[in-house]
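The values are calculated or read from the model by the stated rules, or taken from the named source; none is laboratory data. Fair warning: this is a prediction, and the values are worked out from it, not measured in the lab. In this analysis, Cβ positions are derived from the backbone assuming ideal geometry, glycine residues included, and neighbour counts consider all displayed protein chains.
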């Protein structure tokens with residue numbers, strides 16, 4: 001067993017009391033099995049052996065890893081369409097349309113899965129995640145996974161109280177669609193990552209809420225903004241997160257597509273409230289249309305890619321904001337480049 005200890009007579013079940021909770025400082029697995037008795041090397045124990053055998057445990061783990069989330073999550077689904085990812089055996093996000101009134105949580109402070117709904121579910125499926133825990137998951141390897149947040153639906157990462165955290169990766173080939181009236185909510189210390197090769201589609205009327213200073217939407221892949229949409233985020237209260245643009249193309253890092261009459265607006269609570277991180281070569285206009293305008297107001301922009309810049313022809317209105325490199329530590333950025341056909345308004349900026 002790959003257990004980080006020099007004690008050869010250790011009582012494993014005492015030292016590791018929770019067999020279904022990852023402890024990366026002790027072992028590299030999500031879960032483990034420890035028999036009450038010594039068993040032979042690669043021995044399969046009798047299925048009837050109390051309280052359970054290694055064979056019984058292994059089969060249950062395999063069954064528990066089967067995806068339960070339906071392709072359509074609606075108020076007609078079990079638990080009135082409320083589903084919570086939080087079990088360590090269930091870390092793959094599959095194709096799903098989240099319909100009006102339904103809510104898809106990741107590591108929410110509620111029972112996992114359908115919380116005892118009528119669909120078949122694992123025996124441990126009604127346990128709530130450990131409070132304050134981090135749960136990380138990703139889209140499955142199936143090509144073309146699409147998660148669609150429809151009008152009146154919500155996709156929620158983490159939970160502010162008791163600080164449950166979630167990280168969700170949309171892998172290459174997968175797509176997240178936020179329809180008009182759909183809501184993506186990312187709580188503090190949680191993150192949604194659109195990986196290189198993945199796409200996020202943002203329709204007019206879509207809503208992104210970044211609920212805390214460290215709530216992050218990280219876009220390495222493609223941001224596709226549909227006609228007449230204003231790409232922005234809201235932050236009810238006094239703490240808001242930020243958008244991180246992190247495309248890996250060396251030059252040019254053009255990863256935005258936009259329709260006609262589109263805008264980009266980031267508004268914070270003051271000059272030190274981070275609203276945007278440019279972690280790529282540059283932030284450019286969309287590949288097919290300029291924005292009607294780009295607003296950065298009462299916020300902070302952090303250039304964390306060496307020599308990064310904002311290089312846009314679109315009309316810019318930047319006011320009462322701060323532009324820094326590498327979190328304010330020593331670093332190099334090219335700041336803002338002004339050129340093209342737009343009329344720019346610049347007021348009270350600090351570099």
Legend entry - Among the residues listed as 167, 186, 156, 149, the single one being closer than 23 Å to residue 262 by Cα and at pLDDT 95 or above: 149
Inset, instruction - Determine which member of the set 263, 271 is touching a residue at least 60 places away in the same chain (Cβ under 8 Å), under 28 Å from residue 212 (Cβ atoms) and surrounded by fewer than 21 Cβ atoms within 10 Å (Cβ to Cβ). - result: 271
Legend entry - Where residue 280 falls short, out of the listed (1) within 20 Å of residue 213 (Cα to Cα); (2) buried (at least 21 other Cβ atoms within 10 Å of the Cβ); (3) under 21 Å from the mean Cα position of the chain (by Cα): (1)
Legend entry - Residue check for residue 304: farther than 15 Å from residue 231 by Cβ and at pLDDT below 90: no
Inset, instruction - Hey, could you check segment 311-351 for residues that are more than 21 Å from residue 246 (Cα to Cα) and part of a loop (DSSP other than H, G, I, E, B) and say which is modelled with the highest pLDDT? - result: 315
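In segment 152-199, what count of residues is obtained for those that are touching a helix residue (DSSP H, G or I) at 6+ places or on another chain (Cβ under 9 Å) and surrounded by fewer than 21 Cβ atoms within 10 Å (Cβ to Cβ)?
Counting residues in segment 152-199 that are touching a helix residue (DSSP H, G or I) at 6+ places or on another chain (Cβ under 9 Å) and surrounded by fewer than 21 Cβ atoms within 10 Å (Cβ to Cβ) gives 0.
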Inset, instruction - Hey, can you tell me all the residues within segment 227-240 that are closer than 23 Å to residue 312 by Cα and either surrounded by 21 or more Cβ atoms within 10 Å (Cβ to Cβ) or in contact with a strand residue (DSSP E or B) (Cβ under 6 Å, 6 or more places away or on another chain) (or both)? - result: 229, 230, 231, 232, 233
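Does segment 120-142 hold any residues that are at pLDDT 75 or above and farther than 17 Å from residue 168 by Cα, and which are they?
127, 128, 130, 131
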Inset, instruction - Might you check whether a residue that is surrounded by 20 or more Cβ atoms within 10 Å (Cβ to Cβ) and under 18 Å from residue 186 (Cα atoms) occurs anywhere in segment 284-292? - result: no
Inset, instruction - Go through segment 71-89 and give me each residue that's in a loop (DSSP other than H, G, I, E, B) and touching a residue at least 40 places away in the same chain (Cβ under 8 Å). - result: 77, 86, 87, 88, 89
